[in-house]
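Q: Sharing a structure, written as structure tokens. Questions coming.
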Amino acid sequence: MGILRRVLRFLIRRWVRRMPATERVGGPSAEAGVVVTFDHEWIRCQRGDGVVEAVKWEDLEAVLIETTDEGPIVPDVFWILVGGDSGCVFPNGASGEGEILREMQRRLRGFDNTALIEAVGSFDNGRFVVWSSD
């Protein structure tokens, strides 16, 4: 688990560093610069700089929420969608987050709403598994 944690932290930090400075300053623009969309086959996360990450629904292995103690100046709650060879990361409050949340709750059997509530209420560094294919 230690390696997974380091990889996830690396991906989140890389994601935040690659955000345009105007999005890192905080406020609603930080989250609004990211758009999450989905269709019957794919989930896509597009950042304000145009970079797109994507994962197929059928390849989805886990949905995690990573929290940091760095808010509210920078985004501090991140959704991590883990696929076999792909995935995407987006901040809580991203455009389309509500829609993808409802779709995951509908589509992913065993989605853990209790873990979701714990995660979004956390002010500390933490990782919450809200769904796993295992």
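Taken together, the values in this text are just the output of simple stated rules run on the coordinates, not laboratory data. What you see is a predicted model; the values in this text were computed from it and never measured.
Q: Relative to the present Cα-Cα distance, how much length would full extension add between Asp69 and Asp124 at 0.36 nm per residue of separation?
A: Values: separation 55, 0.36 × 55 = 19.80 nm, distance 0.47 nm.
Length difference between fully extended and current span is 19.3 nm.
Q: What residues qualify as long-range amide H neighbours of Val130, i.e. H under 5 Å apart, gap of 5 or more or another chain, H built at 1.01 Å from N?
A: Under 5 Å from the amide H of Val130 lie the amide H atoms of Val63, Leu64, Ile65, each far enough along the sequence or on another chain.
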